[in-house]
1. Could you work out the relative contact order of chain B? I mean the mean sequence separation of Cα pairs under 8 Å and 6+ apart, divided by the number of residues, in percent.
2. Average partner chain C-beta neighbours within 10 Å, per residue of B:10-23?
3. Multiply the residue gap between residue A:170 and residue A:224 by 0.36 nm, knock off their C-alpha separation, and tell me the result in nm, one decimal place.
4. Enumerate the amide H contacts of residue A:144 below 5 Å, restricted to partners 5 or more residues apart or on another chain; note that Pro and chain-start residues carry no placed amide H.
5. Give the lysines whose C-alpha is closer than 24 Å to that of residue A:75, dropping any in the same chain fewer than 8 places away, or say none.
6. When the helix-only estimate is applied to chain A (DSSP H runs of n ≥ 4, each -39,500 (n - 2.57), divided by the residue count), what is the mean residue ellipticity at 222 nm, nearest 500 deg cm²/dmol?
7. Residue A:181 versus residue A:318, label points 7 Å from Cα toward the beta carbon: distance in nm?
8. Which helices, counted as full DSSP H runs in chain A, have an axial Cα extent of no less than 18 Å and a Kyte-Doolittle average of 0.5 or above?
Amino acid sequence: MKEKRGIILTGAIIGIIAVLLVKFGNPKNMGFCIACFIRDIAGGIGLHSAPIVQYIRPEVIGLVLGSFLISVTGKEFKTKGGSSPFTRFILGMAVMIGALVFLGCPLRMILRIAGGDLNAIVGLAGFVVGIFIGIQFLNKGFSLRRNYSLSSFEGYLFPIANLGLFILLVAGFSMLKFSTEGPGSMHAPIWISLIAGLIVGALAQRTRMCTVGGIRDMIMFKDSYLIFGFLSILVVALIGNIALGYFNLGFAEQPVAHTDGLWNFLGMVVVGWGSVLLGGCPLRQLILAGEGNTDSAITVMGSLVGAAIAHNFGLASSTAGASPNGKVAVFVCLAVVLAISIANCEAFSSKRSLGKANS
Amino acid sequence: MERIDARGVSCPQPVLMAKNAVEKSPQEIGILVDNNTAKNNVSRFLTNKGYKLEYRNEGEDTLIIARK
């Protein structure tokens, strides 16, 4: 239990901060949502023009910079890359599209459950199924191959880009787009959001917090370390939501959510499966990108493009439910993720290269 | 000693490789890792399986040696 103290505390702090961010102005059950926030940033820099979801979310920038600063301090910053980057880009897109059909990344899924949104329980079921499918491929030797050391500057570029975006935000750069209504218009003050991101980014880097890892490691190895973080976020956010009067149990009338069960489920199957193949949830990808993993930086870029496409092509759900295009897109994403799963499996390939003994 | 190169691969592959290795040769294995996350995850898994661990630095990398 002693080794789990850090992850439990981190989960608790994430839970508290998430609820407080809502109090300071973020949309309900959206203290953090990596998918929604990257989607808002895509809108904020004009990659899509959905008027209600455009903002430069400082939480995302804070998560990256928090991870960067703590990993440099702790001598864990290492520039690595080259592990199937374009495959990761595509997986980042697929995970984003799945998340936007559900309306949330796995972290927001936890926060939605903690707010009493029962649609997110349906999403959780899909998430677990997706993880379970991904594990079957891992057990058959799925791998995106190893990464390699690269020049340090390659790893600095992603945190620098985030810093640059933050400077544009605080400088009031006029080309940025900001929602005047809808979820994009609802946000905590810039500096509070940034600090929230920095704290969570630093803690998540230290503890390796990962929402997909918790369920994956329980199923694969009966290792409960990461799932304690997952549960800790859930319990503390639940208590916080009840204390502040945000808790509202039910399916209908939930904030930034829809009641289309099948598509909540299938959207999260894509997220769970894709995230297992990537080796971590969207939050974890941001943290890894902050500590020099440029494959994760590329994954985040894939998510950014996926978010833009999701809104430009009408794939993202609205509170009315999943869109016709979104339903087709979920099946396309499932097919793409399946193809990537098979193509990178040792069991289906004549090439055997990974981790062979050389003693 | 069965020696596994688990450098550079995404989670949870280092642990999975350790798991497969101890199933094949349960007495003694060595796992080479290149980051603290993999080192901690592999160590936790092998400790839970009842192995005694020893660490050897190999340049930037760490060889985790596990014995029953």
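Only the coordinates and a few stated rules stand behind these numbers; no lab work does. Remember, predicted model here, so these are calculated numbers, not experimental data. When we count neighbours, we look across all protein chains shown, and the Cβ atoms used for this are built from the backbone with ideal geometry, even at glycine.
1. Value for chain B: 33 percent.
2. If you average over the peptide's residues, the count of other-chain Cβ atoms is 6.
3. 15.3 nm
4. B:10
5. Result set, ordered by chain and number: A:2, A:4, B:39.
6. Working: 14 runs with 228 residues, N = 359.
Computed mean residue ellipticity for chain A: -21000 deg cm²/dmol.
7. 1.2
8. Flagged H segments are A:5-23, A:58-73, A:85-102, A:119-139, A:152-171, A:190-207, A:225-243, A:261-278, A:294-312, A:324-343.
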